[in-house]
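This report concerns only the one structure given below.
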Amino acid sequence: MQDTGMLRDNSFIKSMPSIHSLDSSQDIEARKVLDFIDSKIAGFPSYFLETGDSDKENRITDFLIHYLECCKDTDMPFRFAKNPTQPISTRETDIGVFPRQKNLTRPITVLEFEAKRLSSASNYNQYVCGVRGGIERFKRGLHGGHLNICGMFGYVQAYSSEHWIKKINELIERLGHEKVDSTIDWTSQEEKLQIVTNSNSVVAKQKSINDRKGVSKIVLCHYFLDLKH
């Protein structure tokens, strides 16, 4: 598995102590996991395109978890798992990261990711809003309600990452203007995806800072992966 580049820039997380409790053990672990993902994720598209046997969303996620697990050193103190249950919600995110512990404490994630296909046949709105909307589920606390930092993977199977980022931001802008649903707020400019430096040709990394009603904001790290054949 070839590592074709690195995406090391979590400064937007580390510089936000006024919004998030970044000294908490979970946030420290989340930053470690993000550093690891940044160092390895650029190798995933070539791995998947060489070995993948299905373009279905859940199958791609299986390959992504397998890839990240194989990239880990044996002493890395965390594990990637599919569909972690939530402490206060019946919804399950696509990927959870757990500390690798030997004591019998309750299983609690330090980082969670939602994954969405972005193809000519998929509904890109589901990346953002609605019953299956990835960002909306984080904003409502249905996913990662106990976390300050989470993320999303966009599986780009048509057009380009830039195409989908533009579409997603236009939708967020429209939701902020229309204010159709009074139970969720999209008005802040920070809701929109913002570029993070050091992206490369196969991975586009973005960030957003999203409001959660009644609780602290959540930082979302977005990885758009070019999986076009």
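The values are calculated or read from the model by the stated rules, or taken from the named source; none is laboratory data. Everything numeric here is computed off the predicted structure, so don't read it as measured data. Neighbour counts run over all protein chains shown; Cβ positions are idealised from the backbone, glycine included. These accessible areas exclude ligands, DNA and RNA; they are computed on the full protein's heavy atoms, side chains included. Shrake-Rupley method; radii C 1.70, N 1.55, O 1.52, S 1.80 Å.
A few comments on the model shown:
- Residues of the range 93-109 that are touching a residue at least 12 places away in the same chain (Cβ under 8 Å) and open to solvent by less than 90 Å² (accessible area, probe 1.4 Å): THR93, ASP94, ILE95, GLY96, VAL97, PHE98, PRO99, ILE108, THR109.
- The range 122-139, residues that are open to solvent by 10 Å² or more (accessible area, probe 1.4 Å) and free of Cβ contacts under 8 Å to residues at least 12 places away in the same chain: ASN123, GLN126, GLY130, VAL131, ARG132
- Qualifying residue in the range 110-118 (condition: part of a helix (DSSP H, G or I) and surrounded by 20 or more Cβ atoms within 10 Å (Cβ to Cβ)): no
- Total residues in the range 158-208 satisfying the condition of being assigned to a loop (DSSP other than H, G, I, E, B), open to solvent by less than 60 Å² (accessible area, probe 1.4 Å), in contact with a Ser or Thr (Cβ under 8 Å, 6 or more places away or on another chain) and not aliphatic (A, V, I, L, M): the figure is 2.
- Identity of the residue in the range 20-53, more than 17 Å from GLN157 (Cα to Cα), in a loop (DSSP other than H, G, I, E, B) and open to solvent by less than 60 Å² (accessible area, probe 1.4 Å), that ends up modelled with the highest pLDDT: SER24
- Just one of (1) open to solvent by 50 Å² or more (accessible area, probe 1.4 Å); (2) touching a residue at least 24 places away in the same chain (Cβ under 8 Å); (3) farther than 23 Å from SER216 by Cα fails for HIS146. It is (3).
- Total residues in the range 92-109, condition closer than 28 Å to ILE172 by Cα and part of a strand (DSSP E or B): 3
- Conditions (1) within 27 Å of GLY141 (Cα to Cα); (2) surrounded by 13 or more Cβ atoms within 10 Å (Cβ to Cβ): number failed by LYS56: (2)
- Restricting the range 197-223 to residues that are more than 16 Å from the chain's Cα centre (by Cα) and polar (S, T, N, Q) leaves a set whose member that is modelled with the lowest pLDDT is ASN198.
- If the condition is being in contact (Cβ under 8 Å) with a residue 12 or more places away in the chain, assigned to a loop (DSSP other than H, G, I, E, B) and open to solvent by 10 Å² or more (accessible area, probe 1.4 Å), then the range 59-91 contributes LYS72, MET76, PRO77, ASN83, GLN86, PRO87, ILE88, SER89, ARG91.
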